[in-house]
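K.L.:
Before we start, here is the structure in question, set down as structure tokens.
The values are calculated or read from the model by the stated rules, or taken from the named source; none is laboratory data. Please read these numbers as outputs of a predicted model, since none were measured by experiment. Cβ atoms come from the backbone with ideal geometry, glycine included; neighbour counts cover every protein chain shown. Protein only, heavy atoms only, side chains kept; ligands, DNA and RNA dropped before computing areas. Shrake-Rupley method; radii C 1.70, N 1.55, O 1.52, S 1.80 Å.
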Amino acid sequence: MPWNQKDYPDSFKNLTADVRNKAIEIANALLRDGYEEGRAIPIALEQAKKTENNDEDRPVYEIKKHDEGWQLKKKDSKKAILIEETKESLMGEAKRYVNKNHGELHIYTEDGSLSDTLYE
């Protein structure tokens, strides 16, 4: 069940609004990625608390077109972290990787323009 600012887990109740909103965003992303609620809640809570004062230090990862398909790489890096034939096949693992590393994910279109930003 996706959460929102009016309906969220009890464990998010005493968080500041910014941290709670971040926890809701992370928990919903984890649910979309197949995590169970009981696992998504503590992960989201921990990550949201860590990012409260560290937003400037968050690594930025990019999904971009690559010669062999699509790649996930850290911004300004020349080395790919993951490469898949299609963007869709890369997305699930890329989201897990970026979430685990407390990063921000920029998703680009085939022509190189930014189409979406996740975990900001």
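K.L.:
Which one is surrounded by the fewest Cβ atoms within 10 Å (Cβ to Cβ), of the residues in segment 89-114 that are over 20 Å from E46 (Cβ atoms) and among the hydroxyl-bearing types (S, T, Y)?
P.N.:
For segment 89-114, the residue satisfying everything is S113.
K.L.:
Which members of segment 65-88 meet the condition of being under 16 Å from the mean Cα position of the chain (by Cα) and open to solvent by 50 Å² or more (accessible area, probe 1.4 Å)?
P.N.:
K74, K75, I81, E88
K.L.:
Tell me which residues, restricted to segment 22-36, are surrounded by fewer than 18 Cβ atoms within 10 Å (Cβ to Cβ) and over 16 Å from K95 (Cβ atoms).
P.N.:
Of everything in segment 22-36, just one residue is surrounded by fewer than 18 Cβ atoms within 10 Å (Cβ to Cβ) and over 16 Å from K95 (Cβ atoms), namely E36.
K.L.:
Which of the residues belonging to segment 3-15 are loosely packed, with under 11 Cβ neighbours inside 10 Å and part of a loop (DSSP other than H, G, I, E, B)?
P.N.:
N4, Q5, K6, D7, K13, N14
K.L.:
Scan segment 93-120 for residues that are in a helix (DSSP H, G or I) and among the aliphatic types (A, V, I, L, M) and report the count.
P.N.:
Going through segment 93-120 one residue at a time, the tally reaches 2.
K.L.:
Residues that are in contact with a Lys or Arg (Cβ under 7 Å, 6 or more places away or on another chain), open to solvent by less than 30 Å² (accessible area, probe 1.4 Å) and under 18 Å from D116 (Cβ atoms): does segment 37-49 have at least one?
P.N.:
no
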